[in-house]
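Undergrad: Have a look at this one.
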Amino acid sequence: MGGFFGVVGKDDCVADVFYGADYHSHLGTSRGGMVVRGAQGFKRNIHDISDTPFRTKFEPDLYKHVGRMGLGVISDYEDQPMLVGSHHGRYAIATVGKLDNLEALAREVLSGKAAHYSEMKGNEFNQTEVVASLIDRQDTLVDGLQYVHQKVVGSCSILLLTDDGIYASRDRLGRTPVVIGRKEGALAATLESCAFPNLGYEIDRELGPGEIVRLTAEGVEQLSPSGQQMQICAFLWIYYGFPASSYEGVNVEEARYRCGAALARADDTQVDIVAGVPDSGVGHAIGYAREAGVPYARPFAKYTPTWPRSFMPQEQRVRDLVARMKLIPIRALMAGRRLLFCEDSIVRGTQLQDVIRRIFDSGAREVHMRPACPPLVYTCRFLNFSRSRSELDLAGRKAIAELGGDAEKDLGRYADSAAPEYGSMIEKIRERLGLTSLRYQKLDDMIEAIGLPREKLCTYCWNGESLYENACEGCAAESREAEEVGAGS
Ligand code: SF4
């Protein structure tokens, strides 16, 4: 994933850019970047944040930046923001999303001869650089941003810092949010609205899908209207969005309470305690406990003073170690009890397997698990959310393989909670995790808990459905063709 935060103000904006970008640290683990436009032009810094948080890495740079416009970005993958000199003048660009047709787009630009890419990582193109090259193919920045909407298969939201303000462009189908905030003398654009309250911003409005605006110290100017079709990522509310954020007017924490309540309504299991697997299972568990009228407790205490978040280290072995060391079981709450845990989702299930073993080792009589979303059987095609995860690693896919199922042919039936194949898959996962019982949220209940119309939400992870293609039909077909030619050459 990744996230960004941009500010235009009448006074120096560096502190806002710094803290605003830092509030996106839960969305990316690899690179952090900041760029500020001051009297001397653009000044940029990029750091590796895989072993040290954004704030620690960028603090020494703060004093080197002065300016009234700037943006910061947290990235899971490529170096950004990029500084670009083009016929549009100089600008800095940050993107959030995933170009599924990256190779095809890069090749298309290179076929125009006088073009090159300088930010290669091994053999891979830097996707933010490729987006910039698409923008530069058009006469104006707005035409360029609209051209990106037409061409990208996947998703792409963009912040552009220019001499004339910040251009904010939300993905054509709004897979990720872009929220505009306002305070006396400044305007900001962010992915996570939780970045606003402590910096004094109020939400001005959220951009619609495909909408493009320009922020200046004087106000917000709409440059391209919002489209009608939306496919915002439902996983934002279930797992990776921050509890204090809202998207499309729906707060994350409240949506999690409703998810937990829906799980409780579909359940008649008798337990002594309801708990959340920290952190993102907690909101779901509070909702479950309230609805079921069962005490909520915290049988795991999270030791946060020294342990970083679990997905930060690159190596899986280290990630597992960190996940284990920071959760300390409280035996007094577990021994002899029937415990029900809510979890945001089960991805691979390896860390969860260890957690469950430790709960039983602490004397629990029964351990029941209630994930807040249906089983994940498809990996994300639209954000770089799960780029490194192989589909075959998903707990659901592993269970299907163990059952001897044909994932290519029968995946729809395994994803359908009314089909017998679904029941067998859940039982296989339960067995492997060593749980007393396992019951997943139903897709309809999850959608109802989020509270947006079904056709506005992306639910591809769970049912493999995507209502609309991001790129225009013709562009998507062209890209597929170019990918095939590239693969064959
Ligand atoms: S595939 Fe899943 S993670 Fe990706 S945008 Fe859709 S709901 Fe979100």
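The values are calculated or read from the model by the stated rules, or taken from the named source; none is laboratory data. Since we're looking at a predicted model, the values are computed, not measured. Every residue, glycine among them, receives a Cβ derived from its backbone with ideal geometry; neighbour counts consider all protein chains shown. Accessible surface areas use protein heavy atoms only, side chains included; no ligands, DNA or RNA. Shrake-Rupley method; radii C 1.70, N 1.55, O 1.52, S 1.80 Å.
Undergrad: Has the stretch 294-317 got any residue that is in contact with a Phe, Trp or Tyr (Cβ under 6 Å, 6 or more places away or on another chain), small (Gly, Ala, Ser), at pLDDT 95 or above and at negative phi?
TA: no
Undergrad: What number of residues in the stretch 330-344 are within 13 Å of the ligand (Cβ to nearest atom) and in contact with a strand residue (DSSP E or B) (Cβ under 6 Å, 6 or more places away or on another chain)?
TA: Looking only at that region, the number is 0.
Undergrad: For the stretch 12-28, give me each residue that is open to solvent by 50 Å² or more (accessible area, probe 1.4 Å) and assigned to a loop (DSSP other than H, G, I, E, B).
TA: Asp12, Tyr23
Undergrad: Evaluate the following for Tyr460: is it under 25 Å from the mean Cα position of the chain (by Cα), modelled with pLDDT under 95 and either under 22 Å from Arg348 (Cβ atoms) or within 16 Å of the ligand (Cβ to nearest atom) (or both)?
TA: Spelling it out, Tyr460 is indeed under 25 Å from the mean Cα position of the chain (by Cα), modelled with pLDDT under 95 and either under 22 Å from Arg348 (Cβ atoms) or within 16 Å of the ligand (Cβ to nearest atom) (or both).
Undergrad: Could you figure out which of (1) more than 16 Å from the ligand (Cβ to nearest atom); (2) of a type in the set (Ser, Thr, Tyr); (3) over 19 Å from Ser245 (Cα atoms) isn't true of Ser193?
TA: Failing condition for Ser193: (3).
Undergrad: Could you figure out which of (1) more than 27 Å from Arg319 (Cα to Cα); (2) within 16 Å of the ligand (Cβ to nearest atom) isn't true of Ala372?
TA: Just one mismatch for Ala372, condition (1).
Undergrad: Follow-up. Working only within the stretch 220-261, note down all residues that are within 16 Å of the chain's Cα centre (by Cα) and open to solvent by 50 Å² or more (accessible area, probe 1.4 Å).
TA: Tyr239, Phe242, Ala244, Glu248
Undergrad: Report yes if some residue within the stretch 164-173 is modelled with pLDDT of 95 or more, within 25 Å of Gly9 (Cα to Cα) and surrounded by fewer than 24 Cβ atoms within 10 Å (Cβ to Cβ); otherwise report no.
TA: Within the stretch 164-173 (the criterion being modelled with pLDDT of 95 or more, within 25 Å of Gly9 (Cα to Cα) and surrounded by fewer than 24 Cβ atoms within 10 Å (Cβ to Cβ)), the answer is yes, since at least one residue qualifies.
Undergrad: A further question on this structure: Any idea which residue in the stretch 382-432 is most open to solvent (accessible area, probe 1.4 Å), counting only those that are more than 16 Å from the ligand (Cβ to nearest atom) and not in a helix (DSSP H, G or I)?
TA: Here the residue is Ala418.
Undergrad: While we're looking at this one, here's another question. Out of the residues in the stretch 138-154 that are surrounded by fewer than 17 Cβ atoms within 10 Å (Cβ to Cβ) and assigned to a loop (DSSP other than H, G, I, E, B), which is nearest to the ligand (Cβ to nearest atom)?
TA: Filtering first and then ranking leaves Gln138.
Undergrad: Let me ask something else. Would you mind stating whether Asp279 is under 20 Å from Tyr23 (Cα atoms), without any contact (Cβ under 8 Å) to a residue 40 or more places away in the chain and away from the ligand (no atom under 16 Å from the Cβ)?
TA: Judged against the criteria, Asp279 is a match.
Undergrad: Run Ser157 past the list (1) within 15 Å of Gly3 (Cβ to Cβ); (2) more than 16 Å from the ligand (Cβ to nearest atom); (3) in a strand (DSSP E or B) and report the number of the one that doesn't hold.
TA: Result: Ser157 fails condition (2) only.
Undergrad: Which pairs have Cβ atoms under 8 Å, sit 6 or more apart or on different chains, and link a residue in the stretch 165-185 that is at positive phi to one that is of a type in the set (Val, Ile, Thr)?
TA: Between residues of the stretch 165-185 that are at positive phi and residues that are of a type in the set (Val, Ile, Thr), the close pairs are Gly165/Val8; Gly165/Thr216; Gly174/Ile232.
Undergrad: Still on this structure, please answer the following. Out of the stretch 345-380, which residues are part of a loop (DSSP other than H, G, I, E, B), within 14 Å of Tyr239 (Cα to Cα) and in contact with a strand residue (DSSP E or B) (Cβ under 7 Å, 6 or more places away or on another chain)?
TA: Ser345, Ile346, Ala372
Undergrad: Follow-up. Inspect the stretch 61-84 for any residue being free of Cβ contacts under 8 Å to residues at least 12 places away in the same chain and not hydroxyl-bearing (Ser, Thr, Tyr) and give the result as yes or no.
TA: No - not one qualifying residue is present in the stretch 61-84.
Undergrad: Hey, another quick one. From the list Ala285, Ala266, Ala275, Ala189, exactly one residue is modelled with pLDDT of 95 or more and under 24 Å from Gly72 (Cβ atoms). Which is it?
TA: It is Ala189.
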